[in-house]
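Okay, structure first, notes after.
Bear in mind that the values in this text are calculations on the coordinates, not laboratory data. The structure presented is a predicted model; accordingly, all values stated were derived computationally and were not measured. Here the Cβ is made from the backbone with ideal geometry for all residues, glycine too, and neighbour counts use every protein chain on show.
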Amino acid sequence: MRTDTGQVFKLEDYRPSDFSIPQTGLTFRLSPDATRVTAVLTIERRDGAAASASLVLDGDGLVLKRIAIDGRELAPADYLATPDQLTILKPPARFELLLETEIAPASNEALMGLYRSSNVYCTQCEAEGFRRITYFLDRPDILSIYTVRIEARMDEAPLLLSNGNPVESGPLTDGWHYARWHDPFPKPSYLFALVAGNLGQVADSFVTMSGRKVELGIYVEPGKEGLAGYAMDALKRSMQWDEQAFGREYDLDVFNIVAVSDFNMGAMENKGLNIFNDKYVLADRETATDADFANIEAIVAHEYFHNWTGNRITCRDWFQLCLKEGLTVFRDHEFSADQRSRAVKRIAEVRTLRAHQFPEDQGPLAHPVRPRRYREINNFYTATVYEKGSEVVRMIRTILGPEAFRAGMDLYFERHDGEAATIEDFLKVFEDVSGRDLSQFALWYHQAGTPNLTVSSTHNPAAREFTLEIEQSVPPTPSESRKRLMHIPLAFGLVGAGGEPVAYGGVEGAAVEDGVIHIRKRRHMVRFSGVDERPAVSLNRGFSAPITLSVEQKADDQFFLAGHDSDAFARWQAFNTLLTDALIAAFRQILGGAKPAFSARLTGLAGKIAGDETLEPAYCALALSLPGEADIARDIGRTIDPDAIFAAREALALAIARANQDAFANIYGRLADDGRFSPDAASAGRRALRNTLLDYLSLLPGGASLAAWHFEAATNMTDRAAALTVLAHRHDGSPEAVKALAGFEARYGADPLVMDKWFQIQASVPGPKTVERVRALTGHAAFSMANPNRVRSLVGTFSSANQTGFHRADGEGYRFFAQTVLEVEKRNPQVAARLATALRSWRSLEPGRQAKAREALLAIAGAENLSADLRDIVERTLA
Ligand code: PHE
Ligand code: ZN
């Protein structure tokens with residue numbers, strides 16, 4: 001583990017390396033405790049670099065066994081080797097450097113570099129893991145052509161994979177064998193990958209648009225081949241979609257995906273050899289939920305799309321991370337929207353953005369989409385870089401229109417193929433194809449914080465004029481107290497009494513194009529002329545900008561839009577706003593000692609939406625699932641009491657259930673499972689609505705037995721897990737819940753990915769008793785502190801998705817959390833640092849909890865030998 005050096009990396013310090021590495025040859029002689037790595041690097045001093053420049057290579061915990069230049073062993077005076085750095089003094093202008101290092105994959109629990117996962121050798125090099133394999137210029141602007149030779153014992157590792165195309169393979173003496181791979185595309189070291197082990201294969205092929213045949217392979221634990229079919233299907237659809245939507249063709253003879261069970265993140269886009277967390281590959285109806293299927297489809301697509309946005313064009317430095325990630329998320333969002341329902345997908349995206357990115361942007365860990373400084377780059381794989389980064393690309397398309405956007409993307413691929421590029425390069429292609437000035441827009445990359453628009457409207461019937469008064473503000477964020485004014489593309493509609501769009505004569509006060517108001521100044525008075533009747537205003541349609549809105553809007557208008565807005569997103573938003581307003585009012589009533597009450601108009605609208613057959617079931621399910629406790633907390637903003645929020649939410653759920661008892665029961669019955677199964681969006685949508693209704697019905701008399709019946713009768717994991725959640729969360733301790741939890745455990749005890757659901761469901765049981773339960777479950781046979789998926793399912797769910805449990809008033813949740821974070825950190829600093837972000841909004845808690853949360857953060861900060869990863873998060877959180 002790398003200890004913290006306290007070093008801060010700054011964007012403005014970027015300068016190209018003095019040396020390049022055009023060729024990289026690697027030979028691995030694999031063994032669990034002593035793998036020999038021989039690197040042969042062709043190194044050239046760059047034009048313009050000083051002849052006296054020494055070569056400084058990155059390392060991380062390495063042991064150097066041999067070093068030679070052009071076949072000659074180096075004398076000790078010629079170089080300086082520490083575990084973390086290799087300096088070669090006065091190297092020649094062009095030479096071949098031979099390095100031998102020895103590493104121990106079996107004891108690599110940080111899961112960075114070369115490690116073993118269930119006896120499979122695999123690698124993870126992004127962002128800075130390659131330096132744990134050999135000394136290298138481990139930075140993304142060093143592009144090299146790799147040739148890799150892998151040697152392993154035949155019985156231990158019959159399968160040997162690396163990037164690019166297979167060249168040759170064959171037996172060696174003593175039961176060993178080898179394979180050689182060559183990747184013709186120059187790539188940065190973070191895209192290097194190797195896999196060796198005994199794995200089962202699913203094979204298929206794809207013919208590209210120019211008629212080249214590509215061999216596709218998905219490798220899984222032997223015996224699990226039957227669970228990879230959906231991932232393979234998603235891969236082929238992704239390959240085809242990228243040809244159609246972006247004109248991008250695959251470029252190697254093979255494309256391989258390997259599923260491993262110990263992985264820090266979701267998946268990794270290594271050139272031609274994607275490595276996946278097995279949770280995002282393995283699925284069938286028996287073990288995976290519809291959400292799992294959707295995630296698999298999206299992540300397979302995401303990693304595949306990186307082949308062009310990330311690999312063919314990579315990042316100049318890690319400050320440019322959003323260049324590949326935001327853009328690739330945008331591409332996978334578009335893919336899923338085309339494969340599924342665009343409206344439903346958009347609502348789900350926005351819910352995710354608000355749940356993960358908004359709190360980040362509004363708390364101590366806020367940073368721009370393109371950060372200017374970091375201490376530990378691992379901590380910048382964030383919702384801001386990924387999700388907000390995607391929203392920024394979406395806004396570029398909104399501003400330019402789809403044709404110019406596509407032309408800009410084409411130019412990007414043409415101009416920068418084979419390069420390590422920057423955000424400036426990216427913006428420039430869109431300026432060049434459109435002739436627009438995007439300099440104000442560029443602030444979306446450079447400035448942190450969620451902009452807010454305050455909007456009010458007036459109608460003057462005599463003048464036939466409708467006016468929107470719009471004011472923008474960007475709240476201060478850490479180290480950025482003064483914000484500049486942004487360019488915000490605000491999609492809108494004026495809606496008439498019958499739901500029709502209201503025509504207007506002219507507009508003044510802002511540029512308005514294609515239903516989008518371009519906000520560029522602090523304040524705009526946008527005047528629409530020729531408007532006879534006061535329209536309802538539908539704002540930020542399709543969520544055209546990642547902002548918050550404070551709209552002075554009559555409840556009547558909000559109800560009207562929730563029933564009639566022609567923009568599905570805005571319609572969902574209107575209803576969601578009504579629910580949020582009602583929940584916040586209830587929260588205040590509860591704090592004031594009153595019993596919350598809800599209008600029949602609101603609960604009645606929920607019933608109408610559920611029964612509206614013109615709406616997609618998946619849309620109805622999203623509309624009816626109440627804003628989460630954390631969403632409500634975020635919207636309240638300060639002196640949060642999670643128990644009062646929980647009580648408010650429960651009260652509204654009960655009011656909706658009571659008001660719609662018969663209607664919900666009818667629809668629930670109509671959606672009955674016919675035993676057939678397809679993971680497609682329409683079928684998943686019906687299951688989602690039925691399970692949402694079950695959640696409501698379970699609050700009424702007989703609810704526990706209904707849920708128990710639903711659980712027993714389930715023919716797929718979506719329904720089974722939904723029923724188990726309802727039993728554990730709504731009827732905790734009931735005989736039905738106890739029986740179902742035990743039944744689930746008995747049935748799936750040997751399947752770690754399914755047991756993750758069992759851990760998650762229990763970790764999110766609301767209330768003060770859950771912390772003890774979670775602590776006890778850390779001792780369960782299926783749990784392991786060394787496996788990131790287990791840790792995230794149990795501890796991550798508890799700390800980030802259980803508001804009443806984690807924020808227990810006496811601080812016991814925080815104490816358990818601090819202790820566990822430190823325990824995880826000993827093995828895996830990256831996973832620990834991510835866990836630790838659960839306290840990022842601690843300052844918005846009420847004073848009692850705030851003090852206890854702070855104590856927990858200080859306990860972490862005070863621990864000895866803290867890793868750079870965890871120290872960075874904890875110190876920024878406390879700052
Ligand atoms: N680059 C990966 C992705 O977004 C994420 C990742 C980052 C994986 C760092 C591992 C380590 O697809
Ligand atoms: Zn990515």
remark   = trypsin sites (Lys or Arg not before Pro) in the stretch 583-642 lying in a DSSP loop, each with at most 11 other Cβ atoms within 10 Å of its Cβ, come to Arg638
task = Specify the inter-centroid distance of the stretch 382-402 and the stretch 500-564, based on alpha-carbon positions, in whole Å.
result = 21 Å
message = Using the Cα centre of the stretch 299-452 as the reference point, and only Cβ charges (+1 on K/R, -1 on D/E), how large is the resulting charge dipole? Debye, rounded to the nearest 20.
response = 420 debye
message = Considering only C-alpha atoms, what is the centroid distance from the stretch 221-275 to the stretch 12-61, in Å?
response = 29 Å
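Please order Val329, Val537 by the number of other Cβ within 10 Å, starting at the fewest. It would help to have the intermediate numbers written out before the result.
On the way: Val329 25, Val537 20.
Ranked by crowding around the Cβ, least crowded first: Val537, Val329.
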inquiry  = Given axes a ≥ b ≥ c from the Cα gyration tensor, I'd like to know whether the chain is rounded (a/c under 1.5), prolate (a/b larger than b/c) or oblate.
reply    = prolate
ask   = For Glu360, Glu225, Glu864, what ranking results if the residue with the fewest other Cβ atoms within 10 Å of its Cβ goes first?
value = Glu864, Glu225, Glu360
ask   = Mind checking the angle between helix 389-400 and the chain's longest principal axis? C-alpha axes, 0 to 90 degrees, to the nearest 10.
value = 70 degrees
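For Arg406 and Asp810, what does the FRET efficiency come to when R0 = 51 Å and r is the distance between their Cβ atoms, rounded to the nearest 0.05?
On the way: r = 57 Å, r/R0 = 1.11.
Once the sixth-power term is evaluated, E becomes 0.35.
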query = Want the number for Asp174 to Lys769: 0.36 nm per residue separation, take away the alpha-carbon distance, what's left?
reply = 208.4 nm
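Using DSSP, restrict attention to beta bridges with both residues in the stretch 197-307 and report what percent are antiparallel, rounded to the nearest 5. It would help to have the intermediate numbers written out before the result.
Details: 10 of 20 bridges.
Within the stretch 197-307, antiparallel bridges account for around 50 percent of the total.
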task = For the chain, find the longest principal axis of its Cα atoms and tell me its angle to the long axis of helix 600-611, 0 to 90°, nearest 10.
result = 60 degrees
task = Evaluate the relative contact order of the chain (contact order divided by residue number), counting alpha-carbon pairs under 8 angstrom at least 6 apart; express in whole percent.
result = 9 percent
ask   = Which cross-chain or sequence-distant (5 or more) residues have an amide H under 5 Å from the amide H of Arg248, H modelled 1.01 Å from N in plane?
value = Glu243
request  = Write out the trypsin sites (Lys or Arg not before Pro) in the stretch 662-703 meeting two conditions: DSSP loop, and at most 14 other Cβ atoms within 10 Å of their Cβ.
outcome  = Arg676
remark   = Expected unfolding gain across Asp662-Asp581 under the 0.36 nm per residue rule, minus the alpha-carbon gap, is 26.6 nm
remark   = Of the residues Trp308, Ser54, Ala68, the Cα lying farthest along the dipole of the chain towards its positive end, which is defined by charges on the beta carbon of Lys, Arg, Asp and Glu, belongs to Ser54
inquiry  = Please report the antiparallel percentage of the DSSP beta bridges confined to the chain, to the nearest 5.
reply    = 80 percent
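Please work out whether the stretch 756-842 counts as rounded, prolate or oblate from its C-alpha gyration tensor, where a ≥ b ≥ c are the square roots of the eigenvalues and a/c under 1.5 means rounded, while otherwise a/b larger than b/c means prolate and anything else oblate? Each step should come with its number before you reach the end.
Details: a/c = 1.66, a/b = 1.15, b/c = 1.45.
Here the stretch 756-842 falls in the oblate category.
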Normalised contact order of the stretch 462-547, rounded percent, pairs of Cα under 8 Å and 6 or more residues apart = 42 percent
message = On a straight-distance basis, which aspartates and glutamates could pair with Lys428 in a cross-link, Cα separation under 20 angstrom, same-chain partners fewer than 8 positions away excluded?
response = Glu12, Asp141, Asp317, Glu325, Glu391, Glu403, Asp410, Glu414, Asp417, Glu419, Asp437
ask   = On full extension of the chain, what length is gained from Leu591 through Arg747, given 0.36 nm per residue of separation minus the C-alpha to C-alpha distance?
value = 51.8 nm
query = Where the centre of each part is set by its Cα atoms, how far does the stretch 686-751 sit from the stretch 569-599, in angstrom?
reply = 27 Å
ask   = Taking Cα pairs under 8 Å and at least six residues apart, what relative contact order does the stretch 297-421 come out at, in percent?
value = 38 percent
request  = Have a look at Leu427, His780, Pro92 and report the one farthest towards the positive end of the charge dipole of the chain, computed about the Cα centre with Cβ charges (Lys/Arg +1, Asp/Glu -1).
outcome  = His780
key: Distance between modelled label sites at Val738 and Asp338, nm, 7 Å Cα→Cβ extension   = 5.4 nm
Residue pairs, from the table Lys271/Lys324; Lys213/Lys324; Lys224/Lys826, whose Cα atoms sit over 21 Å apart = Lys213/Lys324; Lys224/Lys826
